[in-house]
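Before any comments, here is the structure.
The values are calculated or read from the model by the stated rules, or taken from the named source; none is laboratory data. Remember, it's a predicted structure, so these values are computed and weren't measured experimentally. Using ideal geometry, Cβ is built from the backbone for each residue, glycine included, and neighbour counts are taken over all protein chains shown. In case anyone asks, the SASA skips ligands and DNA or RNA and just uses the protein heavy atoms, side chains included. Shrake-Rupley method; radii C 1.70, N 1.55, O 1.52, S 1.80 Å.
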Amino acid sequence: MDHFEKDLVDALKDVVEAGNWQCVGDKSKFKSPCTKFYSDDGEHIVLVHTKDDQFWAMDSSCPHEGGPLEQGDIEDLGHGKLALICPWHYFDFSLETGSSSTGLQNQVYDVRVLDGKVYINTQSTLSLCPIPATKITHQDGLPVEITSSENTLCMWATKILHTADPQEKVSLTKIVQENWDSGKITETGEASPPAQPNRKDSLTVVEPGKIKRGKGGTLASRIALLHSLANIEQWAIDLSWDVIARFSTFRLSNGEPLPRQFFDDFVKVAGDEAKHYQLLEQRIMELGSFFGALPVHNGLWQSATDTSHDLLARLAIVHMVHEARGLDVHPQTLSRFAAQGDTSSVKVLEVIYADEITHVAAGLRWFTYICSKEGRDSLKTFHELVKLHFKGFLKPPFNTEGRRTAGMTEEWYVPLVKPSSSLQKTS
């Protein structure tokens, strides 16, 4: 009997190997409708998870002009027939057959779910990260061509900055954070980030002063406040990836590079900001609206532009001024939602507040680290950089408790208040 069971197992293994079934991960990981897998032969695949809990797979590149099908929507063509719609020219491709009403045909792949794991039938090697190509060499071993999709942190940071859709930006951020933390991405690398991150064309962008946030007294006002916060969080995702990509080659005055812990911290910050955006977007939808329904501004990115040449200035302005200001306004914002009995929004804001304290702490930690390594006076340097790159004075009231929890005691910010201002505290 034992011999029979071994033969049966061997026979089943042969069937599996002959079928080229690849396990791509636990079913529970694929909550998004579309997940892109990179292939070693360049024919990348999109795994589709439909609302009826079925899985499908096809080539991720539209056969028309190469549009990214993983960014497309799933639509019902009638009679239960589902199709993936190319976001570029809206060509439809049947999930079952790959056929399109336009006459085009896309390659589809069999998908199976077994014991909670998802399998795709393909001869190619699949990965959630780009797969480096093999080096082509002469017989003497010298390389003549190296084509590689660099699987580095900076490459991914730049890709996320170029991603206009906020939901895709969030998904990519989560994947990169997981791969960095697990060691699937090991190299920091180098990349040239864009001057400004991409945004969806459908967004209405206005000057910062023209945004009407409201005071939270009505449903429309609460939606406007949450919408404004979601816009800030989307920029915050990009600011985190930008500081990673833009300053990856930064060297201290003694020639030392930044330690890995610096990148660990800002990958975590990016992941937190992605979580915040997702929570806010979900809450906005629960209240009957959606992100993009109201105008937005890009004022926060101006600080990134002004400090693109100086890491200390970036840490000072973005993390120790702007993010610290977020701590200051939290108590009043929270009370507005609480006064309306909006406990769901209050819970979201409490999650964001706890995380933002750690973000201010991260900015402060690396600011003082660099100053210490370079023999600078941290407080003096901070005050000088704020006066140089921040317009006007810092204005009370200050959340002294939140700031203190982040390590930012009063000597950091009180000297930057207008002398005639009376110092107010929010807690």
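Output the number of the condition that HIS309 fails; it satisfies all remaining conditions of (1) farther than 29 Å from LYS387 by Cβ; (2) without any contact (Cβ under 8 Å) to a residue 24 or more places away in the chain.
(1)
Any residue that is surrounded by fewer than 15 Cβ atoms within 10 Å (Cβ to Cβ), farther than 22 Å from GLY25 by Cβ and in contact with a His (Cβ under 7 Å, 6 or more places away or on another chain) - is there at least one of those in the stretch 89-106?
The answer is yes, given that some residue of the stretch 89-106 is surrounded by fewer than 15 Cβ atoms within 10 Å (Cβ to Cβ), farther than 22 Å from GLY25 by Cβ and in contact with a His (Cβ under 7 Å, 6 or more places away or on another chain).
May I ask you to list pairs of residues, at least six apart or on different chains, whose Cβ atoms are under 7 Å apart, with the first in the stretch 51-72 being at positive phi and the second being surrounded by fewer than 19 Cβ atoms within 10 Å (Cβ to Cβ)?
none
Looking at (1) within 30 Å of PRO397 (Cα to Cα); (2) touching a helix residue (DSSP H, G or I) at 6+ places or on another chain (Cβ under 8 Å), which is the one condition that is false for SER228?
For SER228, the exception is condition (2).
PHE262 fails exactly one of the following numbered conditions: (1) at pLDDT below 95; (2) open to solvent by less than 20 Å² (accessible area, probe 1.4 Å). What is the number of that condition?
(1)
What pairs come up if the first residue lies in the stretch 12-31 and is in the same structural domain as GLN54 (by the TED database) and basic (Lys, Arg), the second is open to solvent by 50 Å² or more (accessible area, probe 1.4 Å) and at pLDDT 60 or above, and their beta carbons are under 6 Å apart, counting only those six or more places apart or on different chains?
From residues that are in the same structural domain as GLN54 (by the TED database) and basic (Lys, Arg), the pairs are LYS27/VAL113.
Check every one of the strands (runs of 3 or more DSSP E) wholly within the stretch 18-92 and list those with 3 or more residues that are more than 23 Å from ASN121 (Cβ to Cβ).
73-76
What are the pairs with Cβ atoms under 9 angstrom where one residue, in the stretch 267-282, is at positive phi and the other, located anywhere, is surrounded by fewer than 23 Cβ atoms within 10 Å (Cβ to Cβ) and modelled with pLDDT under 95? Sequence gap at least six, or different chains.
none
Which helices (runs of 4 or more DSSP H) does the stretch 257-360 wholly contain that include 2 or more residues that are closer than 16 Å to ALA245 by Cα?
Result: 260-286, 299-306, 311-314.
If only one of ASP40, ASP7 is at pLDDT below 85, in the same structural domain as GLN107 (by the TED database) and either farther than 27 Å from GLY80 by Cβ or not charged (D, E, K, R) (or both), which one is it?
After applying the criteria, what remains is ASP40.
Residue by residue through the stretch 344-373, note down the ones that are open to solvent by 60 Å² or more (accessible area, probe 1.4 Å) and charged (D, E, K, R).
LYS347, GLU350, ARG365, LYS373 - these are the residues of the stretch 344-373 that are open to solvent by 60 Å² or more (accessible area, probe 1.4 Å) and charged (D, E, K, R).
Determine which single condition PRO419 fails, assuming it passes every other condition in (1) surrounded by fewer than 18 Cβ atoms within 10 Å (Cβ to Cβ); (2) over 17 Å from ARG314 (Cβ atoms); (3) without any contact (Cβ under 8 Å) to a residue 60 or more places away in the chain; (4) touching a Ser or Thr at 6+ places or on another chain (Cβ under 7 Å).
Of (1) surrounded by fewer than 18 Cβ atoms within 10 Å (Cβ to Cβ); (2) over 17 Å from ARG314 (Cβ atoms); (3) without any contact (Cβ under 8 Å) to a residue 60 or more places away in the chain; (4) touching a Ser or Thr at 6+ places or on another chain (Cβ under 7 Å), only one is false for PRO419: (4).
Please name all residue pairs, on different chains or six or more residues apart, with Cβ atoms under 6 Å, provided the first residue is in the stretch 386-411 and is in a helix (DSSP H, G or I) and the second residue is open to solvent by 40 Å² or more (accessible area, probe 1.4 Å) and not acidic (Asp, Glu).
THR400/LYS425; GLU401/SER427
Look through ARG403, ARG376 and report the one residue that is open to solvent by 80 Å² or more (accessible area, probe 1.4 Å) and closer than 30 Å to LEU252 by Cβ.
ARG376
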